[in-house]
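In what follows, a single structure is set out as structure tokens and then discussed.
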Amino acid sequence: MALSISHLLGLEGVSKSDIQTILDTAESFKEILSRPIPKVPTLRGKTIVNLFFEPSTRTRISFELAQKRLSADTVNFSTSTSSVKKGETLKDTVRNIEAMKIDMVVVRHAVSGVPFFLTQCMDAAVINAGDGIHEHPTQALLDMMSMKEKFGTLEGLKVAIIGDISHSRVAGSNIRGLKTMGAQVMLCGPKTLIPRNVEELGVNVNYNLDEVIEWADVLNVLRIQLERQESGLFPSIREYHAEFGVTLKRLERANKEITIMHPGPINRGIELDSDIADADFSIILNQVTNGVAVRMAVLYLLSGLEGSVD
């Protein structure tokens, strides 16, 4: 049970075998999370640094919990209390951190490509927790784990990704991972929020949400990332909701079973109505639970250790 990669920078180019290994390992770790004492000594003696240059709730807590469940030593880096505030470069920051003898780095940064840059500066294994609008691989992996749990397979599954595709690193990783695993992917959103030539990734695009709902088995709904985009990409939040908001009325009109997903945070009443987010056919909280198991799996598999997970 080993990966052919030394870092997890994204899912572009990651093999089906590696993705399957991560998902299988995550299933083993999820069983551990259900125990009365959900902790194993697997990464005892390993030191992991969490470098979060952007705000995060779910991803950061999920990684920290995964590290603690594996008994790793964890160090959390905050830009607000670091030498970055004094003008220290990213390269100097990470080289000084590595000089303290660490084993792995989990990094989130507003600039695409930073995780790859870190691999050029240090020998520690690097895990991308989201870089700019590029990729967010562990989110896509936990999404795939959640779908596989629900449907038994990803092969042939019809997954619609709805919303702000252009600014979403979650969409980038999901598209690559799902296509590798044999799923069918369709994108839906305002034309101004769909990347040009995205069909080259092997996906379809449809701007009619009702038609997309009729086609899909799963709706993975993304939030509008106002902080990453220029103004004027769509007329108003109200109009966006009217055209692309997933509502109970829309789903009832389709008259079919469908599974709802969302990477969070949810803008309730904009991309997704509350009664949909909280419905029985929503697996949003399953995604959160699976996030810890997937991140445990990634940390374990990139640690260089071999043997039983517990």
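Okay, residues lined up against (1) part of a loop (DSSP other than H, G, I, E, B); (2) touching a residue at least 24 places away in the same chain (Cβ under 8 Å); (3) surrounded by 22 or more Cβ atoms within 10 Å (Cβ to Cβ):
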| residue | (1), (2), (3) |
| --- | --- |
| 117 | no, yes, no |
| 120 | no, no, no |
| 123 | yes, yes, no |
| 130 | no, yes, yes |
| 138 | no, yes, yes |
| 143 | no, yes, yes |
| 147 | no, yes, yes |
| 150 | no, yes, no |
| 159 | no, yes, yes |
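Given the criterion modelled with pLDDT under 95 and under 12 Å from residue 293 (Cα atoms), identify the matching residue among 56, 34.
Within the list 56, 34, the selection yields 34.
Scan the stretch 1-45 residue by residue and report those that are farther than 23 Å from residue 102 by Cα and small (Gly, Ala, Ser).
Correct list: 13, 15, 17, 26, 28, 34.
Hey, does the stretch 89-103 have a residue that's modelled with pLDDT of 90 or more, surrounded by 20 or more Cβ atoms within 10 Å (Cβ to Cβ), at negative phi and within 24 Å of the chain's Cα centre (by Cα)?
Yes - at least one qualifying residue is present in the stretch 89-103.
Checking the structure you have, find out if any residue of the stretch 114-125 is touching a Lys or Arg at 6+ places or on another chain (Cβ under 8 Å) and assigned by TED's automatic domain parsing to the domain that holds residue 216.
No, there is no match, as no residue in the stretch 114-125 is touching a Lys or Arg at 6+ places or on another chain (Cβ under 8 Å) and assigned by TED's automatic domain parsing to the domain that holds residue 216.
For the stretch 193-204, does any single residue satisfy the condition of being in a helix (DSSP H, G or I), of a type outside the set (A, V, I, L, M) and either in contact with an Asp or Glu (Cβ under 6 Å, 6 or more places away or on another chain) or touching a residue at least 40 places away in the same chain (Cβ under 8 Å) (or both)?
No, every residue in the stretch 193-204 fails to be in a helix (DSSP H, G or I), of a type outside the set (A, V, I, L, M) and either in contact with an Asp or Glu (Cβ under 6 Å, 6 or more places away or on another chain) or touching a residue at least 40 places away in the same chain (Cβ under 8 Å) (or both).
Within the stretch 61-88, restricting attention to residues that are in a loop (DSSP other than H, G, I, E, B) and not hydroxyl-bearing (Ser, Thr, Tyr), which residue is modelled with the lowest pLDDT?
If we take residues in the stretch 61-88 being in a loop (DSSP other than H, G, I, E, B) and not hydroxyl-bearing (Ser, Thr, Tyr), then 87 is modelled with the lowest pLDDT.
Please tell me if residue 187 is outside any loop (DSSP other than H, G, I, E, B) and without any contact (Cβ under 8 Å) to a residue 40 or more places away in the chain.
Yes, satisfied.
Between a first residue in the stretch 57-79 that is at positive phi and without any contact (Cβ under 8 Å) to a residue 60 or more places away in the chain and a second residue that is part of a loop (DSSP other than H, G, I, E, B) and surrounded by fewer than 23 Cβ atoms within 10 Å (Cβ to Cβ), which pairs have beta carbons less than 8 Å apart while being 6 or more apart in sequence or on different chains?
Within 8 Å, the pairs are 71/39; 71/40; 71/41; 71/42; 71/44.
Answer yes if at least one residue in the stretch 168-176 is more than 13 Å from the chain's Cα centre (by Cα), crowded, with 22+ Cβ neighbours inside 10 Å and without any contact (Cβ under 8 Å) to a residue 40 or more places away in the chain, and no otherwise.
No, there is no match, as no residue in the stretch 168-176 is more than 13 Å from the chain's Cα centre (by Cα), crowded, with 22+ Cβ neighbours inside 10 Å and without any contact (Cβ under 8 Å) to a residue 40 or more places away in the chain.
Please specify each residue of the stretch 184-206 satisfying the condition of being of a type in the set (S, T, N, Q) and touching a Cys at 6+ places or on another chain (Cβ under 8 Å).
206, the sole residue that qualifies.
Is it true that some residue in the stretch 32-46 is more than 14 Å from residue 300 (Cβ to Cβ), assigned by TED's automatic domain parsing to the domain that holds residue 88 and not in a loop (DSSP other than H, G, I, E, B)?
No: zero hits.
The values are calculated or read from the model by the stated rules, or taken from the named source; none is laboratory data. As the structure is a prediction and not an experimental result, all values here were calculated from the model. Note that we place each Cβ from the backbone using ideal geometry, even for glycine, and neighbour counts take in every protein chain shown.
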